[in-house]
Each structure stands twice: as structure tokens, then as C-alpha cells.
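Laboratory data are not the source of any read-out in this text; all were calculated from the coordinates shown. No experiment lies behind these values; they were computed from the predicted model shown. Reconstructed Cβ throughout: ideal geometry from the backbone, glycine too, with neighbour counts over all protein chains shown.
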Amino acid sequence: MKIVAIIGARPQFIKHFPFELACKGKVDLITVHTGQHYDENMSEIFFTQLNMSPPSFTLHVGSGPHGEQTGKMMIEIEKIIEDTKPDGVVVYGDTNSTLAGALVASKLHIPLFHIEAGLRSFNKKMPEEVNRVLTDHISDLLFVPSGIAVQNLKDEGVEKGVYEVGDIMKDLVQYVTGNDLLREHSPKEKNYYYATIHRPYNTDDKERLTYVLETLEQLDKKVIFSLHPRTKNLASSYGLNLEDYMNISFIEPQSYFSNLAYLQNSEGLITDSGGMQKEAYWLKRKCITIRKETEWKETLVDNANILLFQDLSKINDELEKQPHSYNINLYGQGSSASKMVDKIIQFIN
Ligand code: UD1
């Protein structure tokens, strides 16, 4: 049995690791890396650190406007799928790489399996929302992390092929914490908040990005900010001098282990990332999400995660309030990848 898996952006390398492990000895995996993310510390470092097989194909599509980027990916993915004739195609999450893989598989009538299906922000201005809605509607198997995601799909009339299996990122966090793998990556710094901000609505406008940075500048603990290349490039294009922010230490994008270690050792997280809201929850760190909405609504229970957007003045107060407890089984018990592989094998047979 032969499956093509499409990856391309940082969160997908992470999600691919448990899936690759679960495929071993059961399914031949052909991995296509679109090249959406290409910097060493946005891509290569994850393969090395997690000891993942190198991609079977790398497309070097790189950055560009959405249509151009997605179109270039589709042209190349189509050729690979026609040449390799897989029994199915796996796509992860909601990036342009996800949509490109999904459209090609669907048009070539190859069974399509979507990992992390059913999530919704109900904000169609987010490219990710469009990518995930379209992908869900053409998928044959939809692996969803939660009951809310099942209901979202039901509300759109998608019921066939939907399996609630937990979240694949939980598999990895459980593996890492269970094997105490973060200890050697612990940062020297103490008593700080950790921050990651890269979404278009926080970065694509000079005034907005300045407001976010000025808010972090005023916090009562120092902030360690892992700087996504998109945020770095935009800040520089606005003429912002990051060195002017004395309370913020900007660091390069981190490897998987270092990123989690920074988070685990922090006093709280400030983010607009999807995945890090869950990682903060599993590592029991208070999270402030700088967005109007979240796809991961379950993390909001007991204020473990708080949404703030227009008015950020409450960040300090909110960071100090701790939830009463954390549900250790949120998004499954860490065995979702093997459940997915079993369902895929069943489907193909
Ligand atoms: C993408 C995903 C987003 C995900 C994020 C994780 C889409 C629509 N969005 O957003 O869902 O949360 O990845 O990181 O697919 N850049 C570099 N080097 C790189 C990668 C990016 O310099 O290795 C810069 C470029 O300036 C590029 C910009 O970042 O133009 C945006 O990159 P892109 O992959 O298009 O989207 P992200 O904003 O990273």
C-alpha cells in the first residue's frame, strides 16, 4: 500500500512525524515537501531533530502570492501523483500546501485523507479557513480532533468518513514529555513570557504590529519573542527597529524541542498560532491568543486560553490568572496517528 503525504509548512513537519512513525511496516510513504517553508530553521531543522526521513520529493516552490504559490505546487504535485500512482493522499491542516495536495488528489480521483479536519474559525478572511473548508468537502476520510469539529462538519452536511481520533500534535507532545526530551533544551532565561506572532491580521498593517509590540514592551515581565520570518520581514519593511523594544528579546524561529522548552519554562504564552494554543494547554501554561476567534475552542475552558484582540490592555492581568485545572485528555490520549493509519488501511482494502 502506497500513500503520498504532502507537507510544506512548519506545523506540517511536526504533524508528519507521528504519522510517519505509525506507517512504519504497514504503509509505504512517499513524502512531498512543497518548499512553502524553506529557511533552515523553518524546515530542515525539524527533519534533523526529529530524525525524520528526508522528503522523497522537494518542490522548492517558496514564497509568493497565494494563487501563484498554490498553482505552482499543484503543477508539480500532479506530476508526482501521476508518476507514483498512490492508493491515497494525506494532507495536514490548513495551509496552501494542504489545499494544493487536496485539489490535485481529488481531480485525479485518488482517495484523500485530511488530518486535522473539521476545525473552523468562521472567519473567511483567513486563508487557512478557506483552505480547510475546501479540503474537508473533497476528502474521503476526515480525521477530527474533537466533538466540536465533528459538529462543525455535520453543520455543513459532511458526515461520511468522519472519525474523531484525537489530535496528532498531542501524540508528539506526549512522546516528548513522556521521555523527558525537553530538559536538555531548557533555556537559561527565567521569569519571562514567551511570544510568537505571525498571522496577517497582526502583522500586515504597520499600526497593528506596532500596537502589538508596544503592548509586549509594557508587560511586567520580559518577553522572549520567537520571530517568524514573515513578521521579521514586515517589521523591517515598516522601518521598525526591533532593538528599540527593550523589554522584548527577539530570537530566531526555534526547533521543535527548543520551542516547547521555551514555552514550558515560561510564565505564559502570547501567540496567534493555532498549534501553540494546544501545546500551551498540554504543558499547563496560561495562553493569551491575540485573535478574535480560535479553532481550538476547548482550550478556552476555565480561561486556560483567553482571546484578546482589539484592546490588549488586559494582557498583564489575564496572564496572572491561572485556571483551576487542566484536562490531561484534551484532544485524545496521544495515539491518534495509529488510529488514522488503521482507518486508512481499512478504507483502501
Ligand atoms: C503559513 C500558513 C499558516 C501557518 C504558518 C506557520 C498558509 C496560507 N499559511 O503561513 O497557516 O500558521 O505557515 O508558520 O499556508 N518566509 C521566509 N522563510 C520561510 C518561510 C516563510 O522568509 O522559510 C517568509 C516569506 O517572507 C513569506 C512569508 O514568510 O513571504 C509568508 O510565508 P508563507 O508560508 O506564505 O505563509 P505563513 O505566513 O508562514
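Work out the count of Lys pairs in the stretch 183-251 where the Cα-Cα distance is under 19 Å, with the pair 8 or more places apart or on different chains.
Working: K188/K221; K188/K222; K190/K221; K190/K222; K206/K232.
Number of lysine pairs found: 5.
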Checklist entry - So between K24 and E293, what do we pick up on full extension, going 0.36 nm a residue minus the alpha carbon distance? => result 93.1 nm
Checklist outcome for this item: Dividing the helical contributions, -39500 (n - 2.57) per DSSP H run of n ≥ 4, by the residues of the chain yields a 222 nm value, nearest 500 deg cm²/dmol, of -12000 deg cm²/dmol
Next on the checklist: Just want the answer: with Cβ charges of +1 for Lys and Arg and -1 for Asp and Glu, which residue in A195, Q218, N179 is farthest toward the dipole's positive end in the chain?
Outcome noted: N179
Checklist entry - In degrees, nearest 10, range 0 to 90: what is the angle between the Cα axis of helix 127-137 and the longest Cα principal axis of the chain? => result 30
Item to check | Highest-MSF residue in the chain out of G101, G67, G118 [GNM, Cα springs under 10 Å] | outcome: G67
Item to check | lysines whose Cα lies under 20 Å from that of K2, excluding same-chain neighbours fewer than 8 positions away | outcome: K15, K24, K26, K79, K85, K107, K339, K343
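Please identify every one of the trypsin sites (Lys or Arg not before Pro) in the stretch 10-68 that sits in a loop by DSSP and has no more than 16 other beta carbons within 10 Å of its own beta carbon.
Details: sites: K15, K24, K26; in loops: K24, K26.
Those satisfying the criteria are K24, K26.
Strictly over 24 Å apart at the Cα level, which of K170/K297; K154/K286; K124/K314; K170/K286 would you flag in this model? If you can, show how the numbers build up before the last one.
Values: K170/K297 16 Å; K154/K286 31 Å; K124/K314 27 Å; K170/K286 17 Å.
As for pairs spanning more than 24 Å Cα to Cα, those are K154/K286; K124/K314.
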Next on the checklist: Let's test the formula: R0 of 41 Å, r as the Cβ-Cβ distance of E78 and Y175. What FRET efficiency results, to the nearest 0.05?
Outcome noted: 0.75
Item to check | Cα-based helix-to-principal-axis angle, 66-84 vs the chain, degrees rounded to 10 | outcome: 30
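On a full-extension model of 0.36 nm per residue, what is the gain between E207 and Y238, subtracting their alpha-carbon distance, rounded to one decimal in nm? Walk me through the numbers on the way to the answer.
Details: separation 31, 0.36 × 31 = 11.16 nm, distance 0.93 nm.
Gain in length upon complete extension: 10.2 nm.
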Item to check | Cα centroid separation, the stretch 68-93 to the stretch 292-349 (Å) | outcome: 30
Checklist outcome for this item: Burial-style ranking of 71-80, 331-340, average other-beta-carbon count within 10 Å with highest first, yields 331-340, 71-80
Checklist outcome for this item: Answer in debye to the nearest 20: the dipole magnitude of the chain about its Cα centre, from +1 Lys/Arg and -1 Asp/Glu charges placed on Cβ, is 420
Item to check | the chain shape via C-alpha gyration tensor axes, a/c threshold 1.5 | outcome: prolate
Checklist entry - When the label point is put 7 Å from the Cα of K221 along its Cα-to-beta-carbon vector, which residues of the stretch 307-349 have a backbone N closer than 16 Å? => result 315-323
Next on the checklist: Let me make sure I get this right: for the stretch 42-97, a, b and c are the square roots of the gyration tensor eigenvalues over alpha carbons, sorted descending. Under 1.5 in a/c it's rounded, otherwise prolate if a/b > b/c, else oblate. Which is it?
Outcome noted: oblate
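Classify the stretch 33-157 from the C-alpha gyration tensor, please: rounded if a/c falls under 1.5, else prolate or oblate depending on whether a/b exceeds b/c. Don't skip to the answer; put the middle values down first.
On the way: a/c = 1.55, a/b = 1.38, b/c = 1.13.
Prolate is the answer for the stretch 33-157, as a/c is 1.5 or above and a/b outweighs b/c.
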Checklist entry - Using a Gaussian network model of the chain with C-alpha springs under 10 Å, which one of L112, L142, L307 is most mobile by mean-square fluctuation? => result L307
Checklist entry - Using 7 Å Cα-to-Cβ label points, what is the S313/E159 separation (nm, one decimal)? => result 4.9
